[in-house]
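Trainee: Got a structure for you, questions after.
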Amino acid sequence: MKNVGEASAAPAEEITTGERSTRNRVVRSVLDHGPSTVAELAQRLGLTQAAVRRHLDALVADGTVAPREQRVYGARTRGRPAKVFALTDCGRDAFDQSYDALAVDALRWIEQNAGGEAAVAAFARDRIESQAERYREAVEAAPPQERAAALAKALTEDGYAATARKAPVGQQLCQHHCPVAHVAGEYPQLCEAETEVFSRLLGTHVQRLATIAHGDGVCTTYIPHTAPTAAEDEAAPRAAPSAPSTAPRTTSRIASASASTAGRNPA
C-alpha cells in the first residue's frame, strides 16, 4: 500500500511519520471492513474517537475517503442514520491494482485469438486515434513553430507530463510519464501507434529515440525542423525593396586608378 495523503497540493501541516502510519491504518481498516463509523474505527484501531475524526478530516480533504449516510437494511430505528466513511476511487488507487496485468492479458487474448500482431497493432491505432482528435485541435490552433509545445501541453493533460525543448536541428518532445508503460513493454505496438499519430499531427516524419517502456527514463521523440509551406512562405513578412542609390559611382573609377598605378614605384 502506498502512503495516503502524499498527493495533497498544500497540506495544512507537516505529517509526521507516526501520523501517516496511523492514517494508513485508518484507510486499511475501511478497506478491510467496508464503510465504517467513527466509533467502529476507534474500537478496531484502539484510538479515541477524537483522534479518528482528526485523521478522517484529513483523508476527506485529500479525497481518500468520503462521508455518507449508513445504509440501513430492514426496519429503521428512530433518529438519523449514523455517518460512515467509505473509500473513494482515489483511495482505492493507493492500494495495489491489477490493471496492467488485465490489459496485458486482454492484448494477449487478442493476439492469440483475433488476428495475431496485426490485430494488436489495429487496436493500438484505434486507441490512440480517440485521443488524437483532442490533440489535433490544440496542434492546429498553434503557429507552426509552437506546435510541438501545444502537443506537449495536450499530452500533459492526459497524464504524460510532457515538455518540448529545442534540439540542435529540430525539437524534442519528452514524455516524463507513461500511464501504459508496463503494457507497452510487452506490446510495443502501443508506442509505434503513438509515434505515427505524432507524425501526422505535426506534419513531418518524427523519430522515437527512447521509451520508458524499454527502460529509458523518458519517452523522447525527435521532431526535425521542416521547410515552410507555400502558404506559410507567402504569409511571411518580406523586406521592403531598397531605394535606388543616388550616390555618385566613384568606386569603379577609384578601382581603375588603383589598378593603373599598381606595381609602380612611388615618385
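Only the coordinates and a few stated rules stand behind these numbers; no lab work does. Please read all numbers here as calculations on a predicted model, not as lab measurements. Note: ideal-geometry Cβ built from the backbone for every residue, glycine included; neighbour counts use all protein chains shown.
Trainee: Of A149, F198, A210, which is farthest towards the positive pole of region 120-229's charge dipole, taken about the Cα centre with +1 and -1 on the beta-carbons of Lys, Arg and Asp, Glu respectively?
Mentor: A149
Trainee: With +1 assigned to the C-beta of every Lys and Arg and -1 to the C-beta of every Asp and Glu, and no other charges, what is the dipole magnitude of region 91-233 about the Cα centre in debye, to the nearest 20? Could the numbers behind the result be given before it?
Mentor: Working: 12 positive and 21 negative charges, 70 e Å.
Computed about the Cα centre, the dipole is about 340 debye.
Trainee: Evaluate Rg over Rh across region 113-154, taking Cα atoms for both radii and Kirkwood's formula for Rh.
Mentor: Numbers: Rg = 14.3 Å, Rh = 11.7 Å.
My calculation of the ratio gives 1.22.
Trainee: Would any residue of region 152-184 have its amide N under 11 Å from a label point 7 Å out along Cα→Cβ of D216? List them or say none.
Mentor: What the label zone holds, given the 11 Å backbone N cut-off, is 173-175.
Trainee: Once region 59-193 is represented by equal point scatterers at the alpha-carbon sites, with solvent omitted, what log10 I(q)/I(0) does the Debye formula produce at q = 0.10, 0.15, 0.18, 0.20 Å⁻¹?
Mentor: Scattering profile of region 59-193, log10 relative to I(0): -0.58, -0.92, -1.08, -1.18.
Trainee: Order of 191-203, 164-176 by packing, highest average Cβ count within 10 Å first? Walk me through the intermediate numbers first.
Mentor: Working: 191-203: 18.8, 164-176: 15.9.
So the order, starting with the most tightly packed, is 191-203, 164-176.
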